[in-house]
Ligand SMILES: [Zn+2]
Ligand SMILES: [Zn+2]
Ligand SMILES: [Zn+2]
């Protein structure tokens, strides 16, 4: 088994011409360890395969080993508001550099918002566009929204701390180490902590039915706005 694990560290095709036939994108030195097919390929093939999966974990052969690299380094970008396609009204300078946390790792990403708006109205705020794309913003201010987390990460985090009684601090540090194994960076911790509080509150309001005004259908002895699970046998 150990020899099979060692096999994962190198690919004999590394450095050869890519099977796509394009020579302008360089030799095969890139690979994705989240794709089922993790064969080495050129930068162009990697970009093409990941335009709709921008939060995969990729690596580049540096001559000695496969080192962590970001998908935005090969030109993969995130587009909001048009099902993953670029907004026809967005300009190159509108791109925002963001940090996006996912279960795979914390990614650097270039995010293009949607600038479409009805006549006389402003475009949808960035935090709202992120939520619609299943990215939970760390802050809700138009100018300071530079971090977000995939819904997949928030759901994983919520289940993990509920089941394992883990501290948010420990979860965040393990995600940091998944990004960079020697990292001890707590710079994004407070943002994640705050986002987690929002997520837990929104989840409990959604799951309790309060988001749909369930109080109108429940016995009057319940506290208005309660998110506790209804117990029919309990006098409350
Ligand atoms: Zn991939
Ligand atoms: Zn290629
Ligand atoms: Zn648009």
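Within segment 75-96, the residues that satisfy the criterion of being outside any loop (DSSP other than H, G, I, E, B) and modelled with pLDDT of 95 or more are 78, 79.
Contact list please: Cβ distance under 6 Å, first residue in segment 79-106 and within 12 Å of residue 179 (Cα to Cα), second residue assigned to a loop (DSSP other than H, G, I, E, B), pairs at least six apart or on different chains. Pairs that qualify, where the first residue is within 12 Å of residue 179 (Cα to Cα) and the partner is assigned to a loop (DSSP other than H, G, I, E, B), are 102/55; 104/34; 104/55; 104/57; 105/57.
Listed by first and then second residue, the pairs with beta-carbon distance under 6 Å, at least 6 apart or on different chains, first residue in segment 35-53 and touching a residue at least 12 places away in the same chain (Cβ under 8 Å) and closer than 18 Å to residue 111 by Cα, second more than 10 Å from ligand 2 (Cβ to nearest atom) and in a loop (DSSP other than H, G, I, E, B), are 47/75; 47/76; 50/56; 50/76; 52/84.
Would you check which residues across segment 16-46 are modelled with pLDDT of 90 or more, assigned to a loop (DSSP other than H, G, I, E, B) and closer than 16 Å to residue 62 by Cβ and list them? Those that are modelled with pLDDT of 90 or more, assigned to a loop (DSSP other than H, G, I, E, B) and closer than 16 Å to residue 62 by Cβ: 27, 28, 29, 33, 40, 42. Here residue 103 does not qualify as crowded, with 20+ Cβ neighbours inside 10 Å and either outside any helix (DSSP H, G or I) or touching a helix residue (DSSP H, G or I) at 6+ places or on another chain (Cβ under 6 Å) (or both).
Inside segment 141-164, residues that are closer than 14 Å to residue 191 by Cβ, modelled with pLDDT of 95 or more and out of contact with any helix residue (DSSP H, G or I) (no Cβ under 7 Å at 6 or more places or on another chain) make up a count of 1.
The set of residues in segment 59-97 that are in contact with a helix residue (DSSP H, G or I) (Cβ under 9 Å, 6 or more places away or on another chain), under 23 Å from residue 157 (Cβ atoms) and away from ligand 3 (no atom under 16 Å from the Cβ) comprises 68, 71.
Scanning segment 165-193 for residues that are part of a helix (DSSP H, G or I) and either exposed (fewer than 13 other Cβ atoms within 10 Å of the Cβ) or at positive phi (or both) yields 169, 170, 174, 190. Tell me, which residue of segment 14-35 that is within 31 Å of the chain's Cα centre (by Cα) and surrounded by fewer than 14 Cβ atoms within 10 Å (Cβ to Cβ) is nearest to residue 64 (Cα to Cα)? That would be 15. Applying a threshold of 8 Å to beta carbon distances and a minimum spacing of six or more residues, or different chains, the list of pairs starting in segment 15-28 at a residue that is in contact (Cβ under 8 Å) with a residue 40 or more places away in the chain and farther than 9 Å from residue 43 by Cβ and ending at one that is in a loop (DSSP other than H, G, I, E, B) and within 9 Å of ligand 2 (Cβ to nearest atom) reads 15/28. Candidates are the residues of segment 36-71 that are under 16 Å from residue 150 (Cβ atoms) and in contact with a strand residue (DSSP E or B) (Cβ under 9 Å, 6 or more places away or on another chain); the one that is farthest from ligand 2 (Cβ to nearest atom) is 55.
When segment 180-189 is filtered for residues that are within 18 Å of residue 146 (Cα to Cα) and under 17 Å from the mean Cα position of the chain (by Cα), the ones remaining, listed by number, are 188, 189.
The values are calculated or read from the model by the stated rules, or taken from the named source; none is laboratory data. Predicted model only: the values in this text are computed from it and were never measured. Here Cβ is always computed from backbone atoms with ideal geometry, including for glycine, and neighbour counts include all displayed protein chains.
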